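The values are calculated or read from the model by the stated rules, or taken from the named source; none is laboratory data. Only a predicted model underlies this, so the values are computations on that prediction, with no experimental measurement involved. With ideal geometry, Cβ positions are generated from the backbone for all residues, glycine too; neighbour counts draw on all protein chains shown.
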Amino acid sequence: MIKRLRWIFFGLFFHIVTFPSVCAQSVTVPAGEFQMGDGSGEQDERPLHAVRISSFRINKFEVTAAQYDSCVRAGVCSPAHYDDGKCLIWNGTRFQNVTVPQAFRRPDYPVVCVTWHQARAYCRWKKMKLPSEAQWEYAARAGTRNVYSWGDSGPSPQRCVMPEKRCPDEAGSHAPNGWGLFDMTGNVWEWTNDYYDQQYYSFSDSQDPPGPDVGLYRVIRGGGWYSGPAQLRIANRHWFSPDYAEASIGFRCVE
């Protein structure tokens, strides 16, 4: 039903600190062409192919818990599944439903435990939408062929949240990529608008590819707070059921 996220479960242990507020900001991404995928990567990352992208605007930060709560208070969004037992987390053997600890709910941390449908509802409320998979990768690469959003060197605590922290960081805790976007590598996975198709790169459009027409799952990108080096690669593709919420999946919006 749901693809097993390939990660090691480290348990739950949290360190509480206070962070400054993250305000809603967007960055204009210039139009251009890039090489999407990884010719030596996993099967669904191949073939490497040229894609042209029109200019768009994208959230500078992942949507925070405080920002999402404003949509809930407006009566547009349904609450994140923190307390109703409908948020999933991997326990080392299988997914289980959990009540999410307070460490995940800090106002300036990325909202998690929202389904694809909830993420889409928030973006629509902001008169925006979820990014296509191509928009997401283009923005993450920021005009480079880097392995990660910061370059080719491996993950470290100075570059992204590490699994040992056992929860996300505040949105924007680490340096942005070359286009000023934060947390394009790590922190939380990000919902995209696209259906997942393992073979999509073999027949996708070369101009602003919208993703497959149909599918069972939606693409998530970027890796999360538990992810290892392979999943944190910009080219890495992953997928999850749009009807389920998970403690490592959040989102950002585009227009």
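Descriptive notes on the structure:
- Enumeration of residues in region 89-131 that are touching a Gly at 6+ places or on another chain (Cβ under 6 Å) and more than 16 Å from residue 62 (Cβ to Cβ): 97
- Qualifying positions in region 45-102 - over 22 Å from residue 222 (Cα atoms), part of a loop (DSSP other than H, G, I, E, B) and in contact with a Leu (Cβ under 7 Å, 6 or more places away or on another chain): 101
- Only residues that are touching a residue at least 60 places away in the same chain (Cβ under 8 Å) and either closer than 22 Å to residue 136 by Cβ or outside any loop (DSSP other than H, G, I, E, B) (or both) were counted across region 155-169, and they come to 8.
- Every residue from region 128-154 that is among the hydroxyl-bearing types (Ser, Thr, Tyr) and not in a helix (DSSP H, G or I): 132, 144, 148, 149, 153
- For region 104-156, residues that are β-branched (Val, Ile, Thr) and farther than 13 Å from residue 250 by Cβ total 2.
- Candidate set: region 164-199, residues that are more than 16 Å from the chain's Cα centre (by Cα) and either of a type in the set (S, T, N, Q) or at pLDDT below 95 (or both); chosen: the one surrounded by the most Cβ atoms within 10 Å (Cβ to Cβ): 166
- Subset of region 209-255 (residues that are touching a Gly at 6+ places or on another chain (Cβ under 9 Å) and part of a loop (DSSP other than H, G, I, E, B)): 222, 223, 224, 225, 227, 233, 234, 235, 236, 237, 247, 248
- Only residues that are over 20 Å from residue 241 (Cα atoms), surrounded by 15 or more Cβ atoms within 10 Å (Cβ to Cβ) and not hydrophobic (A, V, I, L, M, F, W, C) were counted across region 63-96, and they come to 5.
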